[in-house]
Amino acid sequence: MLTVMDLRKSFVEYFKAKGHKIVPSSSLLPKDDPTLLFTTAGMVQFKPMFAGTVELEYTRAASVQKCLRTSDLENVGKTKRHLTFFEMLGNFSFGDYFKKEAIEFAWDFSTSVMGINSEKIWVSIYEDDDEAFEIWKNDIGVPEHKIVRLGKADNFWGPAGDSGACGPCSELYIDRGPEFGCGSDDCKPGCECERFMEYWNLVFNQFNQDINGNLNPLPRTGIDTGMGLERLATLLQGVDSVYETDEFKTLTEFIASESGIKYEGDAVVPMRVMAEHARSLTFAMTDGIYPSNEGRGYVLRRILRRALRYSRQLGIKEPFIHRIVDPVVSIMGEFYPELAQSARNIKSVIESEEKRFLDTIENGMSRLDSILSGIEPGSGSRLSGRDAFVLYDTFGFPYEMTAEIAAERGVPVDRKGFEAEMESQRERGRQSWKAGDEGLERFFDEAVKQCGDTVFTGYTDESSKSEISAIYTEDGASDIIEPGQRAFLVLDRTPFYGESGGQVGDIGLIAADGARFRVLDTKKNHRTVIHLGELESGKLKKGQQVTAEIDPVNRNLIRANHTATHLLQAALRKVLGEHVKQAGSIVDSEKMRFDFSHFSAMTDEEIYRVEELVNRKIWENREVGTEIMPLEKAVESGAMAVFDEKYEDTVRVVSVEGFSKELCGGTHVSNTGKIGVFSILREMSPGAGVRRIEAATLRGVLERYKERERFSEEICSALNISERDALKRIAEIQERLRGLEKEIKKLKGNDAASAADSLIASAKSIGPVKFVSKALSGADGNALKSLADAVREKLPDSVVCLGSEYDGKAILVYAATSSAIKAGFDCGKAMKQTAALVGGGGGGRPDMAQAGGKNPDGIPGALQAAEDFVKNAVS
């Protein structure tokens with residue numbers, strides 16, 4: 001039996017022997033493609049090569065690509081083939097070979113390598129593609145009745161995202177036999193039954209679709225094929241589901257063994273979901289995508305919480321999903337070694353997310369069960385948008401999870417109502433995936449096609465003699481610019497570094513014959529450098545000879561910070577562990593920001609050790625060297641790479657002698673001594689599983705010192721003391737404040753007793769208890785508790801329900817005496833039923849409960865609902 005690993009290796013070996021460049025899988029985080037949330041197909045990383053916007057490094061390639069799709073998330077685990085994460089085997093041609101060779105490769109690999117019986121193979125083609133028909137029939141020998149013509153919905157592919165290469169395609173199917181079919185004599189590919197399973201799609205790229213949907217002929221035709229690895233393994237291993245293939249089977253067996261629950265009956269779907277989702281999370285987080293409340297992170301949080309819901313169905317009430325990471329790494333780590341480097345961090349993040357959600361899921365499920373029990377399936381009633389919002393906002397249930405659970409009970413959900421409730425919070429969830437802005441950037445691609453590559457001289461030179469290749473103003477291409485005009489210039493050669501790799505673009509001056517163009521920023525689009533700025537004086541023309549000169553001080557500050565990030569990453573790996581990997585960076589002249597994978601906040605001791613280690617390497621004045629070498633050699637030599645970065649075959653390696661080695665195209669100092677001094681400004685978390693360090697060198701450190709000096713002077717001036725006596729004076733002030741706080745607390749206690757008397761006078765008798773209720777303003781939670789306690793002490797058999805608007809939010813506090821509890825009232829249960837009316841949630845004990853919410857207008861309604869609860873409880 002061919003294992004999944006056998007299939008990966010044999011595919012790579014076959015196409016390597018056919019002259020294809022074997023390209024590693026790109027990250028699940030699409031590089032420079034804002035039209036995609038995740039990498040969804042093998043051709044995504046090759047889109048610029050199909051579109052003709054980059055120079056070709058090779059003309060044929062093959063890859064095993066990691067992909068993530070969530071369009072059918074609710075079906076994952078329930079059907080035999082739906083997955084979120086999957087691997088796509090693909091071979092590609094960029095103007096090299098076309099239909100005939102692609103078809104021959106697919107047929108040969110299918111029959112000779114995978115051993116598929118040729119009698120079982122059927123093919124489909126686009127309805128008008130006579131060329132493909134002739135190749136299959138005459139060159140390959142497939143009988144005419146096994147070549148099926150299908151329409152655009154089935155056999156015209158692409159693009160991946162809103163734009164890109166696309167064209168007609170041809171698909172290969174395996175006939176699984178009539179026992180899987182519908183019984184029709186005319187059953188063939190295109191039928192909805194299970195008999196014919198498509199396993200390979202050959203796309204013949206002939207067009208480039210723009211964002212408006214227009215099809216334009218490609219500069220060169222191409223081939224883009226895709227074969228789902230999991231589906232292929234299902235066919236070749238003779239099993240009924242992707243979950244029965246060897247790698248998935250190992251995961252479900254692990255879950256069964258660790259949980260003590262057999263993989264059978266009602267446990268099958270939950271275990272499949274847990275295995276599949278754990279695999280997706282492991283790969284996505286390895287690529288630097290972590291659970292959060294927005295964008296890609298929100299999708300991962302949905303996946304994780306769906307896995308948790310199904311683990312709960314198995315009776316597993318503790319964090320479990322993080323334990324599946326290790327077997328995923330063990331099974332797939334040979335082909336994807338980056339998994340092992342990130343495993344510890346991923347497990348920690350997932351476990352933390354699990355604990356957070358499990359703290360609320362019980363209450364949330366109880367709330368949802370209660371709501372659904374009151375809706376008759378098929379009655380036309382829906383779960384309201386308001387209820388769906390409360391489940392999301394209070395209990396962390398993604399809308400899709402609520403909708404999936406409701407659908408299982410036959411109840412629809414009011415999506416529009418949910419969106420209306422969300423509108424006030426939508427800004428944090430919104431994320432624009434549209435590239436660029438509506439200004440000069442809309443001409444960047446045009447500039448690339450017109451000008452081609454720019455020669456970059458900035459590694460060694462601060463100025464260069466250049467020629468203006470193109471001028472663009474806000475109206476488009478121009479031959480001349482006048483003083484005061486905003487524009488961008490493209491030069492044939494430049495010392496200006498275009499923003500990339502986290503390093504900001506250079507600033508400076510482009511001048512000629514009295515004309516001065518102030519460069520305010522420099523961008524890079526593919527290999528074209530674009531100088532954005534404004535003409536201060538004179539005139540500049542296309543084709544004119546100019547002198548391009550960067551601001552040398554600004555460049556020195558930037559490169560000192562950039563080299564410091566290399567030292568910082570090496571120091572972090574030594575202090576925290578080898579799992580640390582760069583997750584993003586920004587380097588400018590003032591400071592640096594460095595994001596890295598790590599599972600917990602750094603301690604003060606760890607921060608001190610990292611800072612000391614970096615400064616030691618700076619003061620050792622170590623040489624910083626650069627070397628150009630093949631990518632494979634660079635990686636083999638131990639050079640660190642940013643995993644979601646797209647590297648060319650030949651790369652630049654920057655080394656700090658004996659300490660750091662990274663792939664990097666940025667500018668750097670020649671020795672570490674030029675960095676001067678390194679200071680960590682703060683350490684924080686921008687999201688789950690990622691830590692962030694902000695730090696400075698040179699001018700940034702000086703500015704920080706000056707700021708602290710000014711601050712110290714202002715404090716001493718305000719206290720009218722010398723700097724030496726400042727700490728003593730502050731300690732005296734703190735002691736005095738503590739005394740004043742005690743006095744204030746005592747006064748508040750007297751006020752609470754007085755207010756309690758007023759409330760008691762308004763008490764209502766409800767059965768055996770006295771009910772006290774009041775909506776206040778400006779009282780915090782502690783004040784409400786003190787008041788409730790004062791009422792209980794003075795009024796036996798009482799229930800006290802108080803609400804307050806405080807700092808724009810709602811606070812509820814319920815309290816009850818022991819006799820009221822015996823009569824049937826429970827503060828915690830009452831709070832769970834009424835807190836949603838103030839747009840929040842909370843709970844507590846039978847004798848005391850508290851909740852907070854975002855809707856203070858709901859306080860009167862919540863207190864009325866609490867009164868109704870008392871009436872029902874004690875009746």
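The values are calculated or read from the model by the stated rules, or taken from the named source; none is laboratory data. All figures in this text were calculated on a predicted structure; none of them were measured in a lab. Heads up, the Cβs are rebuilt from the backbone with ideal geometry, glycines too, and the neighbour counts pull from every protein chain shown. These area figures cover heavy atoms from the full protein model, side chains too; ligands, DNA and RNA do not enter into them. Shrake-Rupley method; radii C 1.70, N 1.55, O 1.52, S 1.80 Å.
Observations on the model:
- Sequence-distant contacts, meaning Cα pairs under 8 Å at least 6 residues apart, place the relative contact order of segment 99-256 at 18 percent.
- Of the residues 177, 196, 88, the one whose Cα sits farthest towards the positive end of the charge dipole of segment 62-201 is 88 (charges of +1 on Lys and Arg Cβ, -1 on Asp and Glu Cβ, taken about the Cα centre).
- Placing +1 on the Cβ of every Lys and Arg and -1 on the Cβ of every Asp and Glu, with no other charges, gives the chain a dipole of roughly 2700 debye about its Cα centre.
- Considering only 378, 398, 412, the residue lying farthest towards the positive end of the dipole of segment 371-421 is 378, judged by Cα position with unit charges set on Cβ.
- Counting only DSSP H runs of at least 4 residues, each contributing -39500 (n - 2.57), and dividing by the residue count of the chain, the helix-based mean residue ellipticity at 222 nm comes to -12000 deg cm²/dmol.
- The tail of the calculated P(r) for segment 674-822 beyond 21 Å holds 68 percent of all Cα-Cα pairs.
- Segment 765-848 - Debye-derived log10 I(q)/I(0), Cα point model, q = 0.11, 0.25 Å⁻¹: -0.26, -1.26
- Directionally averaged projected area (the chain, Cα convex hull): 46.3 nm².
- Charge dipole of segment 210-334 (Cα centre as origin; +1 on each Lys and Arg Cβ, -1 on each Asp and Glu Cβ, all else neutral): 560 debye, rounded to the nearest 20.
- Separation of segment 445-489 from segment 5-72 is 32 Å, based on Cα centroids.
- Its relative contact order, with pairs defined as Cα atoms under 8 Å and 6+ residues apart, puts the chain at 7 percent.
- With all protein chains kept in place, the per residue accessible area of the chain amounts to 45 square angstrom at a probe of 1.4 angstrom.
- Rounded to whole Å, sorted largest first: equivalent-ellipsoid semi-axes of segment 296-430, Cα gyration tensor: 32, 17, 13
- ³J(HN,Hα), Karplus 6.51/-1.76/1.60, whole Hz, each residue of segment 508-517, x for Gly, Pro: x, 9, 10, 9, 5, 6, x, 8, 10, 10
- For segment 63-133, the square roots a ≥ b ≥ c of the C-alpha gyration tensor eigenvalues yield an a/c of 1.5 or more together with a/b exceeding b/c, which makes the shape prolate.
- Separation of segment 814-875 from segment 551-570 is 58 Å, based on Cα centroids.
- All Cα-Cα distances of segment 47-178, cut into 5 Å bins from zero to the largest, leave 2, 8, 14, 18, 21, 18, 12, 5, 1, 0 percent in each bin in turn.
- Carbon and sulfur %, accessible surface of the chain computed with the full protein complex present, 1.4 Å: 47 percent
- Among 719, 756, 779 the positive-end extreme of the charge dipole of the chain (Cβ point charges): 756
- For q = 0.12, 0.18, 0.21 Å⁻¹, Debye-computed log10 I/I(0) when each Cα of segment 263-330 counts as one equal scatterer: -0.30, -0.65, -0.86
- About its Cα centre, the dipole of segment 824-875 is roughly 140 debye, where the only charges are +1 on Lys and Arg Cβ and -1 on Asp and Glu Cβ.
- By the Cβ-Cβ criterion of under 4.7 Å, the unpaired cysteines of the chain are 67, 166, 169, 187, 191, 451, 664, 716, 801, 827.
- Whole-angstrom gap from segment 353-400 to segment 696-741, using each part's C-alpha centre: 51 Å
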